[in-house]
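Comments concern the structure below.
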Amino acid sequence: MSFGMPDAVSSVLATTLDGLATRQSVIADNIANVDTPGFRAVSVDFESSLSAALQRGEMPTSGVSASTLPSNAPAGTDGNNVDLRQETLSAVQTQFQYQMMTRAVSDRFSLVRTAAGAA
């Protein structure tokens, strides 16, 4: 995702949207494999990498990545550890976060258009 001229806010928004999209994909994969024997659920963390970059004063245009982490949830008798309730809750939460970020991007573009028109 590109916003043209990169700045810190645009970079954070883009990185967050990318991380949330990755999380949505992993959750969908977990849910799709809820009945697959031996399947181990995975989660996504991009917030730690993003936070570390911001604390170092870096613009998160590169070096921020989403990492996948195996779930510690106990496995059933078939070796599968997907918790459908948890995955569904995570999917809803991630979708809400994604909507909030797309709204922030839209609001940012509106602000830039307004500022450009006033100049």
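Where a number appears in this text, it was derived from the coordinates with a stated rule and is not lab data. Since we're looking at a predicted model, the values are computed, not measured. Neighbour counts run over all protein chains shown; Cβ positions are idealised from the backbone, glycine included.
Taking the criterion of being touching a helix residue (DSSP H, G or I) at 6+ places or on another chain (Cβ under 9 Å), hydrophobic (A, V, I, L, M, F, W, C), under 17 Å from Val34 (Cβ atoms) and not in a loop (DSSP other than H, G, I, E, B), the residues of the stretch 60-104 that qualify are Leu84, Ala91.
Residues in the stretch 84-97: is at least one of a type in the set (A, V, I, L, M), in contact (Cβ under 8 Å) with a residue 60 or more places away in the chain and within 19 Å of Val26 (Cα to Cα)? Write out each step before concluding.
Restricting attention to the stretch 84-97, the residues satisfying the condition of being of a type in the set (A, V, I, L, M) are 84, 89, 91-92.
Right, trim to in contact (Cβ under 8 Å) with a residue 60 or more places away in the chain and you get 91.
This time we only want the ones that are within 19 Å of Val26 (Cα to Cα), so: 91.
Checked the stretch 84-97: at least one residue is of a type in the set (A, V, I, L, M), in contact (Cβ under 8 Å) with a residue 60 or more places away in the chain and within 19 Å of Val26 (Cα to Cα).
Checking each residue in the stretch 76-98 for being aliphatic (A, V, I, L, M) and surrounded by 15 or more Cβ atoms within 10 Å (Cβ to Cβ) picks out Val82, Ala91. The residue list Ala66, Ala91, Ala52 contains one member that is touching a Phe, Trp or Tyr at 6+ places or on another chain (Cβ under 7 Å) and of a type in the set (A, V, I, L, M), which is Ala66. Evaluated against (1) free of Cβ contacts under 8 Å to residues at least 40 places away in the same chain; (2) of a type outside the set (A, V, I, L, M, F, W, C); (3) in a helix (DSSP H, G or I), Gly57 falls short on exactly one condition, (3).
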